[in-house]
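To keep things clear, I will list the structure first and then write my remarks on it.
Only the coordinates and a few stated rules stand behind these numbers; no lab work does. The model shown is predicted, which means the values in this text are computed figures rather than measured ones. For neighbour counting, all protein chains shown are included, and Cβ atoms are generated from backbone atoms with ideal geometry for every residue, glycine included.
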Amino acid sequence: MLGGCLLSTTTNGQTMIEGFEFASDDELLASWVPAGATLSLSSWVAPGSAGTNSLRLERLFPANTWETEVISGPMLAEPMAIAPNKYLTFRVAGDPQFTNATYQTLFLYAFDGNGNRGRWGSPVPTTGTNWQVFNFLASTAQKPWDSPEAVDLANIVQFKLYLYGQGDPPGTEFQATIYVDDIMVRDTPLVEFPPPSPVRALIDDFESYADDAALMTAYTVVNSPAATTTTASLETPAPQGSKALKLAINFAAGQWPWGCVRSKIVAPFSLPTNAVVQCRFKGDPALAPVMDGGTTFWITFYDSGGRSINYSGVSGPVAVSEWTTVKATYGDFWATTPADTGNLVQWRLLVQGWTGTAESQPLSGNFYVDDLRITIPPSLSIVKEGSVLTLRMDNLMPGTTYTVRQTEDFSAWTTATTIQATSSSATWNLPAGQKGFFQVSYTP
């Protein structure tokens, strides 16, 4: 054993690489060596952690391009083998000061015996009040630009932490503190999320923005590397209301060009497993001649740790000039690391032009999005409470008005009552002697 808990194996399918259970700061610094940061032990640990210490890392990030901190762990006593289907996990607590950075990512680097390295990383949380868990499938290790070859996961001899605090161009100079704990190899992802927040039924219908300037206080344009440019604006008419989002994208030459808008951070909201995400979308026939498997429209949601879930199943409508209804169930979303779908705080709307080839030529298109929502189908059952038959409604969204309709023979439906949901369930006493069929619905 090296350091506090390096390579301590447990019985529940996990290996502790480092738990930072050192007796003193001096022992910590004898194992983990910073480049410019101040390292110390902290008694603040996540509620689910079995230890009593975490690593506290404090550093000034000047306004320099690609300002990065490297914390080097000890050489392992013996090489470590990590199966591709294992997960690299660690706990992180962030700092709001990282909002000053143009690129803020914490990477776990693994070095093999030949000097090659691989890395797994995610944006540093910009909230400093809660622990987050980063989970990475071992086989998704990225090859950094300065690694001669891809890392050999069967021959790992050292781990390091790389903390990127600035990008290109850099942001404002800032001082930040993060906490890291429980670096592990596990059979399964480590999932520890707080209770889910309420559903946000309306994500955005773009009706609340007075003009394009108001729209851009709520969204940020992001483009793929190279020369892709995107302009976001409001468009009239719209399939719902009077305004829709317009994305005018000049796709760069070459492969995988894309443009998108990303929302500001909002109050946490839930995407339940029985939910459907839907919106209206209109594409541009200009992309029809170059369409391939990379011509797609994406809907992405992010949790407070920056982890994302993605839907990228829309291809054909990207080159069609008619409004199309896009629907995605919870199971249609995919992720590279588990995200807290009960507490999402941000979304992204992205259009990718093509997979293409290095010789692909630049091309422009206009794309439109409207009425982005989360819908949940309510469920019905009839239960007997004493001598009274009751219609029980579940999976309701508080604040939504539901209409209960009834029919005796399906020849005609009549409205029986309306229910203003105050919780996820509600009941309605069936009138005495009433027979027939019932349905409950709401208008998104």
Here is a check on your reading of the model: is residue 219 within 30 Å of residue 87 (Cβ to Cβ) and surrounded by 18 or more Cβ atoms within 10 Å (Cβ to Cβ)? no
Looking only at residues in region 331-358 that are in a loop (DSSP other than H, G, I, E, B) and of a type in the set (Val, Ile, Thr), which one is nearest to residue 273 (Cα to Cα)? 341
Hey, among 239, 272, 317, which residue is farther than 29 Å from residue 99 by Cβ, touching a strand residue (DSSP E or B) at 6+ places or on another chain (Cβ under 6 Å), in a loop (DSSP other than H, G, I, E, B) and not charged (D, E, K, R)? 239
For region 353-369, name all the residues that are in contact with a Phe, Trp or Tyr (Cβ under 7 Å, 6 or more places away or on another chain) and crowded, with 22+ Cβ neighbours inside 10 Å. 353, 369
Scan of region 186-236 for residues that are part of a loop (DSSP other than H, G, I, E, B) and among the β-branched types (Val, Ile, Thr), ordered by number: 188, 191, 228, 236
Here is a check on your reading of the model: is residue 259 at positive phi, touching a residue at least 24 places away in the same chain (Cβ under 8 Å) and surrounded by 18 or more Cβ atoms within 10 Å (Cβ to Cβ)? no
Flag for residue 434 being over 19 Å from residue 275 (Cβ atoms), in a strand (DSSP E or B) and of a type outside the set (Ser, Thr, Tyr): no
Could you grab me the full set of residues in region 373-383 that are surrounded by fewer than 22 Cβ atoms within 10 Å (Cβ to Cβ) and under 23 Å from residue 222 (Cβ atoms)? 373
